[in-house]
Every structure is written in C-alpha cells, then in structure tokens.
Amino acid sequence: MSLYKRVTCAKGGTCNTKGPNATCTKCGERPDGGAWWYRFRFGGRIIHESSRSQSLTIAREAEKLRRRQLEEQWNRIEKKKLPPTFEQASAGWLSRRAALKGSTRETYEHALKHLKAFFGKGLISDIDARDVAAYQKARTATNAAGASALARSDPPVLV
Ligand SMILES: [Zn+2]
C-alpha cells in the first residue's frame, strides 16, 4: 500500500524528485501540485489509480474506500459460486409447485419446517445419505407423523 504524488512534467511523463533539493532531473523544477495516487495489490493484481485529490487525508480515504469496494465485489462473486443452502433450495422447490392444493401444500410446508430446522443452514451439496438417516432417526424418536415419509424422499429431489 503506497501513496505518492504524481505531477505531469513539462518534459513529458511525470516529474521525479531525484535531482538536488528534490527537484525533477528532467525539467529542473520541484514537483508542485498534482494529485495523490494510490497503489496496492488486490486479488493478485495491482490497483494503481489517482485519488484525484491533492489532499493526503482525502487520498487515504479514497484508497480505503476503493479497497472496501473491491472486497465487497469479491465477496459477492464468491457467494454466488456457492451452492444453495437447504433453506434456499427448499424455498425454491416449493415456489415451483404453485399448483399444489392447500392441504398438500400445508403438509409439505410442515415437513419442510422440520427439515429446515435440521438442515437449514447447511449447503445442499454437503447433505449426504448419513445426514438423511440421522434426520429420520431423530424424527422417529420424536414421533413425527406423516411428515417423515416425505423426509425419506425429499432431500435428494430438492436440487
Ligand atoms: Zn519534471
């Protein structure tokens, strides 16, 4: 992470400060004015941009903002790549069955409520046969009614 000022040189390019008294070796002037630039590495690439400000405080803020923006963008993309959780998948499954009759829908909703409590936050791809067996066992133990029949077939067809 670095901040530096970039001044357009009369002789072309940008002024440096390598001459005596930090003057530019090309034009002989001391670089004056110009905007602060920030430079940092993010996700394997170099972000090198002007803050368009002559204030160092504002430039620091601009750099922080830019970094946060990149992080948010990055996280959104990562999240999109993940498979849905059981909760998301089951909501989608039910919404695609709009034609279900009231009582059938209620049965499903009731069953899904139990399933969600058990699998809800887990990613659908992480649920395997052992989890389903564990769920059936838990439901049998709590003496669930007809809902357990649905539980036996549902998780695999939800995706
Ligand atoms: Zn110069």
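For Y108, the conditions (1) at pLDDT below 90; (2) more than 16 Å from the ligand (Cβ to nearest atom); (3) not assigned by TED's automatic domain parsing to the domain that holds R139 all hold with the exception of (3).
Applying the criterion of being surrounded by 11 or more Cβ atoms within 10 Å (Cβ to Cβ) and among the small types (G, A, S) to the residues of the range 23-51, the residue that is nearest to the ligand (Cβ to nearest atom) is G28.
Only residues that are in a strand (DSSP E or B), under 30 Å from E78 (Cβ atoms) and of a type in the set (S, T, N, Q): list them for the range 1-51, please. Residues satisfying the conditions are S2, S50. Only a single criterion out of (1) at pLDDT 90 or above; (2) surrounded by 12 or more Cβ atoms within 10 Å (Cβ to Cβ) is not satisfied by W74, namely (1).
Scan the range 2-11 and give yes if some residue there is near the ligand (Cβ under 10 Å from one of its atoms) and not hydrophobic (A, V, I, L, M, F, W, C), otherwise no.
Looking only at the range 2-11, we keep the residues that are near the ligand (Cβ under 10 Å from one of its atoms), and these are 7-11.
With not hydrophobic (A, V, I, L, M, F, W, C) added as a condition, the list becomes 8, 11.
Yes, that holds for at least one residue.
Answer yes or no as to whether R6 is touching a strand residue (DSSP E or B) at 6+ places or on another chain (Cβ under 7 Å) and touching a residue at least 40 places away in the same chain (Cβ under 8 Å). Taking the combined requirement at face value, the residue satisfies it.
Of the residues Q73, Q54, the single one that is more than 13 Å from the ligand (Cβ to nearest atom), in a loop (DSSP other than H, G, I, E, B) and not assigned by TED's automatic domain parsing to the domain that holds F119 is Q54. Has the range 85-94 got any residue that is among the β-branched types (V, I, T), out of contact with any Asp or Glu (no Cβ under 6 Å at 6 or more places or on another chain) and within 16 Å of the ligand (Cβ to nearest atom)? No, because not a single residue in the range 85-94 is among the β-branched types (V, I, T), out of contact with any Asp or Glu (no Cβ under 6 Å at 6 or more places or on another chain) and within 16 Å of the ligand (Cβ to nearest atom).
The values are calculated or read from the model by the stated rules, or taken from the named source; none is laboratory data. Keep in mind that this is a model prediction, so the values were computed, not measured. Quick reminder, even Gly has a Cβ in these numbers, built from the backbone with ideal geometry, and neighbours come from all protein chains shown.
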